[in-house]
Structures are given as structure tokens and as C-alpha cells.
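Laboratory data are not the source of any read-out in this text; all were calculated from the coordinates shown. Only a predicted model underlies this, so the values are computations on that prediction, with no experimental measurement involved. All Cβ positions, glycine included, derive from the backbone under ideal geometry; neighbour counts span all protein chains shown.
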Amino acid sequence: MRVPQNAPTPDRDAELALCERVAKGDRAAAEALARQLMPVVRHAARRLTRTASDAQDATQVATLEILRSAGHYAARGSLNGWASRIAARSVVRWNARHGTPTMHEHNPDRAPSATPPTPGFEALPRPLEAYLEGLPEPQRTALVLRHSLGHTIPEIAEVTGAPVPTVRSRIDKAMTRVRAAIRRDVQLGTKGASA
């Protein structure tokens, strides 16, 4: 028997109870929730920021936002999914407040990927991040939210404050630019050059 996605489960009931305790000011519960969600928050921050230092700062801000929002978790979906959306929204706002570099140079301080590369990426002329760094920030953010963090188009629109058609356009333009850059590098025979 298949359980509907929104049906309560023992895990969701426990997560809901934990979030309720956090909302009531239980410090031990807040620490437990932060520890539980840290991998999700770090993943979003590493994907959406340009340096390891920025990822650390954005992770802290996003974690605090999740703890402040704990009382709003209704267990309609997974806790990790809920936290990922809040983290992404928080990191996007953090990026906007702190500005992003206009020169997309290769940065050795870049946070390492939290997930192993997808098969086929090792065959690219340059690391995938080098292609992403060459994108305008709104396109890069939309592409990462969609294809790295798995957000839906409406979720990306909510996180970024952009209309759904704009999000679709940003993703399409980003994919076109990345594909063109890869084709160019393949034709030129580029091997491991920095962006």
C-alpha cells in the first residue's frame, strides 16, 4: 500500500513535535534540529554562494532562519524539503545583501561540492563550476536551484521573487550559455582551464 505524500508518518510526527518544541524556545530541541538539518543547509549554501567563507556565513544565517520558522512547519512534506526551501530563500537574500562578484574568476576558495559528480561531468573540458561562474547571477541561481537542489519552478519563483516565466527564461538562457561554452571549449580543445 502506498502512503500519500502528505499523510502523517511517525517520522513526520516526531519532526513536527521537535519543531513545536523549538518554536516554544526549547534550546535542546533547537540544537537537535539545527544538527539534523545542517547537511541540507550547508548543501544549499555551498551551491548558491561563490566561496567557502560565504557558504559558512550564509549557512549560519539560513540555520537561524529555519529555527525562527520552526513553528510554521506543518509536516505536509518532508522536513528536509521544507528546510531546503527556507535555506535557499535565505541564502539568495544573503547573496543580495552582500553582493556578488561581477568578475566570475576561478576561485580556489570555492566550497567543494557536497555531492559526487554526475556521470559525464568528468568528461567536460573544464569543471562544471567554471561554466556556472560565467553565468549572470540570476541565471546561475535559478539553474542551481533547479538542477542541483531540485526545486520546482514555482518554488524557485517564490525563493527568488521572480515571476514563473522569468524563472523559466533564466533557466533556459543559463542552459543555452553553458552548452555553448562547453561546445566552444570542446572545439578549442580546452583542458582544465580556469574560468
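The HN-Hα couplings worked out from phi for the range 166-179 by the Karplus form 6.51 cos²θ - 1.76 cosθ + 1.60 (θ = phi - 60°) are 5, 4, 4, 4, 4, 5, 4, 5, 5, 4, 4, 5, 5, 4 Hz, whole numbers, x standing for Gly and Pro. Residue by residue, the range 49-62 carries 3J(HN,Hα) couplings of 10, 9, 10, 4, 4, 4, 4, 5, 5, 5, 4, 4, 5, 5 Hz when phi is fed to the Karplus relation 6.51 cos²θ - 1.76 cosθ + 1.60 (θ = phi - 60°); x denotes Gly or Pro. Look at where the Cα atoms of the range 152-170 and of the range 63-91 average out, and the two centres are 19 Å apart.
Take the Cα of THR166, step 7 Å toward its Cβ, do the same at ALA28, and the gap between the two points is 4.6 nm.
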